[in-house]
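Here's the structure, in structure tokens; my notes come after.
Laboratory data are not the source of any read-out in this text; all were calculated from the coordinates shown. Quick caveat, the model's predicted, so the values are computed rather than measured. Note: ideal-geometry Cβ built from the backbone for every residue, glycine included; neighbour counts use all protein chains shown.
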Amino acid sequence: MNAFDAVPQFAKMLSNLDACLQKAIAHAKIKSYEPDILVQSRLAPDQYSLVRQVQAACDGAKFCAAYLSEKEAPLHPDNEKTMAELRQRIQTCNAYLATFKSEDFDGWQTRRVAPGWLKGKWMRGDQFLMQAALPNFYFHVTTGYAILRHNGVDLGKMDFIGALPVHD
């Protein structure tokens, strides 16, 4: 696996999450409640709310791509309060991901990745991608999906997975 292969997958999953947010907005309208109520929904009192799950998924994708390509990731102030703002965050992140090319990741496997949360320690790029970045990204996308599903939004597995490249 090349690190670049993760970039379109990040974008696909963020787009799937965006489609889930769209379904949540439609669900709220049918049920006659304000869709933005869902932004602060969570599965457990000590767990991140939907807004933070979306922010963390976007951050995980953009920072992974940036770290493994030695580029600077755009900063976002984490001030989203509405479903529309969450959708915009996803679209902004996907626009950033679309700027990457395969050659941006030359040497990624052995690149030292030292995000701030490692507190001065580092991981090799291949270890970071497989053991930290991908699991963390999927954790937040999955939890965002689960929050919406828990709140009654009619979502299924294919909403999470999205379109598959099947052939006849």
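Structure data summary
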| read-out | value |
| --- | --- |
| Amide H contacts of ARG111 (H built 1.01 Å from N, under 5 Å, at least 5 apart or other chain) | GLY125, ASP126 |
| Residue-by-residue Karplus 3J(HN,Hα) for region 93-101, coefficients 6.51, -1.76, 1.60, Hz, glycine and proline x | 5, 5, 5, 5, 4, 5, 7, 7, 10 |
| Sites matching GluC sites (Glu not before Pro) across region 56-113 that sit in DSSP coil, with at most 10 neighbouring C-beta atoms within 10 Å | GLU72 |
| In region 111-151, trypsin sites (Lys or Arg not before Pro) in a DSSP loop with at most 14 other beta-carbon atoms within 10 Å | LYS119, LYS121 |
| Most mobile of LEU118, LEU43, LEU14 in a GNM of the chain (Cα contacts under 10 Å) | LEU118 |
| Karplus 3J(HN,Hα) series, Hz, for region 52-66 with 6.51 cos²θ - 1.76 cosθ + 1.60 (x for Gly, Pro) | 6, 4, 5, 4, 5, 5, 4, 4, x, 5, 5, 6, 4, 4, 5 |
| Simple Cβ-charge dipole of the chain, Lys/Arg +1 and Asp/Glu -1, about Cα centre, in debye nearest 20 | 340 debye |
| Residues of type aspartates and glutamates that LYS81 reaches as a straight line, Cα spacing below 12 Å, ignoring anything fewer than 8 places off in the same chain | ASP36 |
| For region 41-96: span of alpha carbons on each principal axis (Å, largest first) | 37, 23, 15 |
| Compactness index (Cα Rg / 2.2 N^0.38 Å), region 1-134 | 1.15 |
| Stokes-Einstein D (µm²/s) once Rh is taken as the Kirkwood radius of region 77-168 over alpha-carbon pairs, at 25 °C in 0.890 mPa s | 150 µm²/s |
| Hz values of 3J(HN,Hα) by residue in region 154-168 - Karplus curve (6.51, -1.76, 1.60), Gly and Pro given as x | 6, 10, x, 4, 6, 5, 6, 6, x, 5, 10, x, 7, 10, 7 |
| Cα-based reach from LYS71 at 16 Å (exclusive), listing lysines while leaving out same-chain residues under 8 positions away | LYS62, LYS101 |
